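Everything below concerns the one structure shown next.
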Amino acid sequence: MSDQSPDAESDAAAASEADSTSGADLETGTVSLVGSGPGDPELLTVKAKRLLETADVVLHDKLPGPEIIEMLPEDRREDVGKRAGGERTSQPEINERLVELARDGKRVVRLKGGDSFVFGRGGEEAEYLAAHDVPFEVVPAVTSAIAAPAVAGVPVTHRDHASSVSFVTGHEDPTKDESSVDWEALAATGGTIVVLMGVGRLPDYTTELLEAGMAPETPVALVERGTWPGQRVATGTLETIVDVRDEHDISPPAVTVIGDVAGTRESVVELLQNEYGVESEDT
């Protein structure tokens, strides 16, 4: 038999219910680390599209592509994108914002161009979320390193030309004392080299590869704004590609493909039917 009066028991039950409700209100939300693919909305994964439609807030990178960004309601999106040499939201600020929103109970999508785990800092963000006890999921995507060359008619592997492919960032952490990319080793593989975010440093690494013994006539393709409206493709050789870039004003975002596979584009481009308003600058 209870020692409390009926009124006291009623008050205790109400307090317990209030505590329970308060706890539910403070329940941590979730973060989805989502890759957008190369930029064409039709190349979003089914899961990525669903999460974008149901998220409370989307923190987006500059590189998902204009058409995907325009799909997001303005009141549910935050631009935290970074551009090399331009204004930026620091990575620590992005990390803290993800945790803040999740602790407010929000369903958060962190949207990155390409795949968030391929030079997209997704790994860093996952570590930060885990360290702060924030539940998260990873939603992979088609990386621009493969998709942009593909829609331009350039395979990154080919039985007759390349049995391996190496993905390289052209924009390493600026706080590093020295580059960790071994261009000499890459030149020796005989496979395809795909450089992301590297069109600005094109003179540096083409020189490195030439000095490492790669043939000057090695085909090179530059794919600017791959799968976006106004996509452009410029081709040349390891020896000429810097002049080609300058002549046609190829600018970021662009993917560089170095290797014999880049030379196969010529045999397919005439009948290639990808609809991206492609302007070719083949030389």
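The values are calculated or read from the model by the stated rules, or taken from the named source; none is laboratory data. Just so we're clear, the structure is a prediction, and the values are computed from it rather than from any experiment. For neighbour counting, all protein chains shown are included, and Cβ atoms are generated from backbone atoms with ideal geometry for every residue, glycine included.
Looking at (1) under 30 Å from Glu96 (Cα atoms); (2) within 18 Å of the chain's Cα centre (by Cα); (3) crowded, with 17+ Cβ neighbours inside 10 Å, find the lone condition where Val134 falls short. Unmet condition: (2). When the stretch 103-155 is limited to residues that are of a type in the set (Val, Ile, Thr) and assigned to a loop (DSSP other than H, G, I, E, B), the one that is farthest from Leu59 (Cα to Cα) turns out to be Val154.
Do we find that Glu67 is among the charged types (D, E, K, R) and closer than 26 Å to Val199 by Cα in this structure?
In short, yes.
With respect to the conditions (1) at pLDDT 95 or above; (2) surrounded by 20 or more Cβ atoms within 10 Å (Cβ to Cβ); (3) assigned by TED's automatic domain parsing to the domain that holds Pro66; (4) within 26 Å of Thr256 (Cα to Cα), Pro149 lacks only one, and its number is (3).
Filter the stretch 27-43 down to residues that are farther than 27 Å from Pro252 by Cα and assigned to a strand (DSSP E or B), then give me how many there are. Break it down stepwise before answering.
Quick first cut of the stretch 27-43, residues farther than 27 Å from Pro252 by Cα only: 27-31.
With the extra rule that they be assigned to a strand (DSSP E or B), the set shrinks to 30-31.
The qualifying residues number 2.
Would you say Thr240 is in contact (Cβ under 8 Å) with a residue 40 or more places away in the chain and out of contact with any strand residue (DSSP E or B) (no Cβ under 7 Å at 6 or more places or on another chain)? Judged against the criteria, Thr240 is a match. When you scan the stretch 170-203, how many residues do you find that are modelled with pLDDT of 95 or more, surrounded by 14 or more Cβ atoms within 10 Å (Cβ to Cβ) and farther than 26 Å from Glu266 by Cα? Number satisfying all stated conditions: 1.
Table: residues versus (1) surrounded by 13 or more Cβ atoms within 10 Å (Cβ to Cβ); (2) in contact with a His (Cβ under 8 Å, 6 or more places away or on another chain); (3) more than 26 Å from Leu272 (Cβ to Cβ).
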position: Val138; (1), (2), (3): yes, no, yes
position: Gly153; (1), (2), (3): yes, no, no
position: Asp160; (1), (2), (3): no, no, no
position: Val165; (1), (2), (3): yes, no, no
